[in-house]
Amino acid sequence: MSGDFEPRIDAYAATIPADYHPERNEDAKLINRHHQAFGVFDGVGKFGDGDIAAQLAARSIEQQLPHLPNNCRPAVMAKALRALVMNTNSEILNHASGRGMGTTMTLAKLFTSDQGELTAAITSVGDSRAYLFRNEHLNPLTVDHTPIRQEHGREYAATIQNALSDFESKTELTNDEFLAFFHRHIISSYLGRPAIEIESTHLALKENDLLLLTTDGIHDNLNHSEMQRILQIYPAIDAATALTRAALSRSRDAQHDRAKSDDMTAVVVSI
């Protein structure tokens, strides 16, 4: 591998079920250090088997990891991951047998590019997210699949998503942003549908980078600045737990506009 650093990759995760169903967590996580693949999954709430769908997706993806390349062009990895996601979607559809179950997914697969760079390929379906934390700044890597994105395109959806990620009070929002906030639980794509939209991107990684993967219980309750500050304060080994605890505390604050009871999962990958 080219570059001036020898990567030491590790990952840490934390997950908490929603207060209203503490016996069942509809989120799932994936940490596979051997194949350098990491993911979060959030069972779609309108179906009764969201927890099963999330676990099934995590298991299906993990079983397919040995078939992915480890040294290739980013376009080759993107194609391989798309096939992996489509296979997983078919498995969920077959398991559902028409009764309906679904889950979001965000997956980060690390590999060596044809340029010899340690690279992260990010694949996402739904509203679970991936971020890059570099030089003390947190930057989103994915845009949620929402009706706004379907109607107006990715760029406009990203603008709305960034506005909703930053606000403290609903009074700060424009009419369009408030409408998006009111409908933030609606997604236009998730695993378990006959036709799905897949978000894909890749980036070369640098020493001391962190990748952060979250379900919406984290990034809906906490704003962008709060998440960034937690990553600035806590070491990688503690950051996922700190994020889930902060999100849980916020979800219990009935006076706060961002408060939302939900399952909460964070995965932090350190480079």
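Here, each number is a calculation from the coordinates, and none is a lab measurement. Just so it is clear, the model here is predicted, and its values are computed rather than measured. When we count neighbours, we look across all protein chains shown, and the Cβ atoms used for this are built from the backbone with ideal geometry, even at glycine.
Numbers at a glance
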read-out	value
Segment 40-68, residues that are among the aliphatic types (A, V, I, L, M) and closer than 30 Å to residue 184 by Cα	40, 44, 52, 53, 54, 56, 57, 58, 61
Hey, residue 188 in a loop (DSSP other than H, G, I, E, B), touching a helix residue (DSSP H, G or I) at 6+ places or on another chain (Cβ under 8 Å) and in contact (Cβ under 8 Å) with a residue 12 or more places away in the chain or not	yes
Hits in segment 88-103 (condition: touching a helix residue (DSSP H, G or I) at 6+ places or on another chain (Cβ under 8 Å) and either under 30 Å from residue 9 (Cβ atoms) or hydroxyl-bearing (Ser, Thr, Tyr) (or both))	88, 91, 92, 103
Condition broken by residue 19, with the remaining ones in (1) over 18 Å from residue 203 (Cβ atoms); (2) in contact (Cβ under 8 Å) with a residue 40 or more places away in the chain; (3) part of a helix (DSSP H, G or I) satisfied	(3)
Which listed residue is exposed (fewer than 13 other Cβ atoms within 10 Å of the Cβ) and over 20 Å from residue 186 (Cα atoms), from 71, 87	71
Criterion: among the hydroxyl-bearing types (Ser, Thr, Tyr) and loosely packed, with under 15 Cβ neighbours inside 10 Å - qualifying residue of 188, 225, 200	225
Any hit, segment 213-221, residues being within 30 Å of residue 118 (Cα to Cα) and either free of Cβ contacts under 8 Å to residues at least 24 places away in the same chain or hydrophobic (A, V, I, L, M, F, W, C) (or both)	yes
Residue 48 being small (Gly, Ala, Ser) and either part of a strand (DSSP E or B) or more than 21 Å from residue 264 (Cβ to Cβ) (or both)	no
Wholly within segment 107-167, strands (runs of 3 or more DSSP E) carrying at least 1 residues that are in contact (Cβ under 8 Å) with a residue 60 or more places away in the chain and of a type in the set (S, T, N, Q)	118-125
Filter result (in a loop (DSSP other than H, G, I, E, B) and surrounded by fewer than 17 Cβ atoms within 10 Å (Cβ to Cβ)) within segment 90-106	97, 98, 99, 100
Flag for residue 240 being crowded, with 18+ Cβ neighbours inside 10 Å and assigned to a helix (DSSP H, G or I)	yes
